[in-house]
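This report concerns only the one structure given below.
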Amino acid sequence: MMTPFQEIKKVPAMKVIAWRGDVSVWGIDTAFSRLYDKAVEQRLLFRQPAVGIRHDGVRVPEPFHADYEVMFPLTADPGGPIPGADVKELPEQEMASFVHRGPYHWIPCTYEKVLDWLGENRYEVAGDPREVFFVAPEPHSGGTQDDMLTEIQVPIRRSVGDAMEPSNRPSYGGQVRRAA
C-alpha cells in the first residue's frame, strides 16, 4: 500500500480570515464560497491556497458532520472586525505533510493512511490537522474532482516510550477501520 506521506516541514505563521461551523464533506465548497463573498465585500486581499482546519482531531472524517473551519490567508491586517467571520493568526508549527489526490469525499481513505503512518513512525498529533487546497476542480476548463490536490498537514511531535502495536495505538479522536 502506497503512503501519501510527503515530508516533515515547518509551516510559518499566517493571518487568516476564517469561519467555523458544522460542515459535511459535500458542504465545504459552500462554506468557502460564503467566506469568499465576505472577504470580497470587505475588500480584503488574500492569497491562495485556501486552508481548512478539522477541529475533530486526526481521525477518519465523519462525512456528514465535522467541526470545520474554512480560511483564506490574508496579505494584510484588515484593521478591524469582519461581520460573520473571524480574523486570527495561525501559529508556526512543525507538520507532517500528506498528499490527497482525487475527489474530496475520498479523503477518509487518505486519513486512514495518515493514521497508519503516524503510528508506524512513532509520532503523536500535536494539534488540529490543516487541509490546504492546492487544486480545485475547474468546471469551465473541463476539470473534474479527479484533478483535486489537497495537502493534509498534521502537527506532530515524537511519541514518548516504545512503539505501539497498530491494534493498541490511539485513534486520535475517532475509530480507524481496518481491512479484514
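The values are calculated or read from the model by the stated rules, or taken from the named source; none is laboratory data. Bear in mind that the values here come from a model prediction, so they are computed numbers and not experimental data. Every residue, glycine as well, gets a Cβ built from its backbone with ideal geometry; the counts of neighbours run over all protein chains shown.
Name every residue in segment 55-64 that is under 15 Å from the mean Cα position of the chain (by Cα) and at pLDDT below 90, in order of residue number. Walk me through how you get there before you give the answer.
From segment 55-64, those under 15 Å from the mean Cα position of the chain (by Cα) are 55-63; that's our starting set.
Once the filter is applied, which keeps residues that are under 15 Å from the mean Cα position of the chain (by Cα) and at pLDDT below 90, segment 55-64 yields 56, 57, 58, 59, 60, 61, 62, 63.
Can you name every one of the strands (runs of 3 or more DSSP E) wholly within segment 17-94 that holds 1 or more residues which are closer than 21 Å to residue 128 by Cβ and acidic (Asp, Glu)? Spell out the reasoning first.
Values: elements: 50-54, 66-73, 86-90.
Strands (runs of 3 or more DSSP E) meeting the threshold: 66-73, 86-90.
Using the structure shown, decide if residue 6 is within 22 Å of residue 148 (Cα to Cα) and either among the polar types (S, T, N, Q) or in contact with a Ser or Thr (Cβ under 9 Å, 6 or more places away or on another chain) (or both).
Numbers: within 22 Å of residue 148 (Cα to Cα): yes; either among the polar types (S, T, N, Q) or in contact with a Ser or Thr (Cβ under 9 Å, 6 or more places away or on another chain) (or both): yes.
Considered against the rule, which asks whether it is within 22 Å of residue 148 (Cα to Cα) and either among the polar types (S, T, N, Q) or in contact with a Ser or Thr (Cβ under 9 Å, 6 or more places away or on another chain) (or both), residue 6 comes out as yes.
For the condition surrounded by fewer than 16 Cβ atoms within 10 Å (Cβ to Cβ) and within 24 Å of residue 103 (Cβ to Cβ), what is the one hit in 34, 47? Break it down into steps so the answer makes sense when it comes.
Numbers: 47 fails: within 24 Å of residue 103 (Cβ to Cβ).
Unique residue meeting the criteria: 34.
Tell me which of these residue 5 doesn't satisfy, since it passes every other one: (1) within 17 Å of residue 134 (Cβ to Cβ); (2) exposed (fewer than 12 other Cβ atoms within 10 Å of the Cβ).
(2)
Take segment 1-45 and flag every residue that is at pLDDT below 90 and of a type in the set (Phe, Trp, Tyr).
Within segment 1-45, 5, 26 meet the criteria.
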